[in-house]
Amino acid sequence: MRVLIAGASGLIGSALGERLRREGHDVRRLVRREARGGGEFRWDPPSGSIAGGAFEGVDAVVNLGGKPLFPGRWSAMRKQELTDSRVEPTEVLAEAVAEHGVGVLVNASAVGYYGHTHESTVDESGPRGGGFLAELCEAWEAATAGAGDARVVNIRTGLVLSTKGGLYKTLRPLFQLALGGRLGDGRQFMPWIALEDEVGAIVHVLTHDDLAGPVNLSGPAPVTNAEFTKAVGQALHRPAPWWVPGIALKTVLGQAGEEMALFGQRAVPAALERSGYEFRHRTLDSALAAA
């Protein structure tokens, strides 16, 4: 299989490229800078241009691009930047997929689509929630509409656990200094997933024609923020005594602090498990041990 990846230099993209190559697949990368050979092709989403030959013989496209949501406040300008970095490139890729007759488009999204679910469990049939992140995910997924006859999968990813990047890389040194603690009341759910399963699930999605539409990429046992905090402290053999009041997060970080730290999604990977995917790390303790 020949796979073209946008966002291939990020945490997930790098690991996915390595996994696909290891399994004998041909991996190509879309890059914003000058291409350096080795299967790289330059593209510029604002102008809609993609280097010639990028889609030659491509069986599937995986789009993992987008500016980081955190840290920082979400000003009106910042929200527009976050939207533009996701919606416009996805539209360009979807049109190219249709033009070149590519069979599969796997597009990044997030469990933030569901907003704040409190204690309610949600699978892929759940409605869009409230808040900026939910609206962003909805627009992001809608941008795949131009993909023609391709099988489109929107992977709604949870919190990817790895020491190479993401939330855990940020939290780990704080916990090692015994500065870890719960956020707000600690009852918001954190839909975690091990990096190994994130990548494994994407490969599964690429190779299983029965999967289309939204697919939650999160572990089968989501935990609350209080439970997550306790588990990280135990994994690192450090106490986690601190507490950050919700009002402080909202005061300092505004809407970003509220939605990224105090909103939670009790999301489960129903579509993945129905299609036969077997998690390597079914519990948070297992995922943290791997990280």
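FYI, it's all coordinate maths here, none of it is from the lab. These figures come from a predicted structure and were not determined experimentally. Here the Cβ is made from the backbone with ideal geometry for all residues, glycine too, and neighbour counts use every protein chain on show.
In percent, rounded to a whole number, the relative contact order of the chain is 19, using alpha-carbon pairs under 8 Å and six or more apart.
Taking segment 186-229 and a reference point 7 angstrom along Cα→Cβ of ALA98, the backbone N atoms nearer than 17 Å belong to 213.
Nearest 20 debye, what's the magnitude of the dipole of the chain about its Cα centre given +1 on Lys and Arg Cβ and -1 on Asp and Glu Cβ? Charge dipole, the chain, about its Cα centre: 1180 debye, nearest 20. Spin-label model, ARG128/MET77: points 7 Å from Cα along the beta carbon direction are separated by 2.7 nm. Sparse packing (at most 12 other Cβ atoms within 10 Å of the Cβ) combined with a DSSP loop state is found for the following GluC sites (Glu not before Pro) in segment 71-129: GLU119.
Here, the chain has an Rg and a Dmax of 18.8, 56 Å when only alpha carbons are counted.
The Cβ shell under 12 Å around GLY66 holds other residues with a net charge of -1, Lys and Arg each +1, Asp and Glu each -1. Taking every lysine pair in segment 2-290 that is 8 or more places apart or spans two chains, those with Cα atoms closer than 21 Å amount to 5.
Calculate how many DSSP beta bridges within the chain are antiparallel, expressed in % of all such bridges and rounded to the nearest 5. Here the share of antiparallel DSSP bridges comes out near 10 percent.
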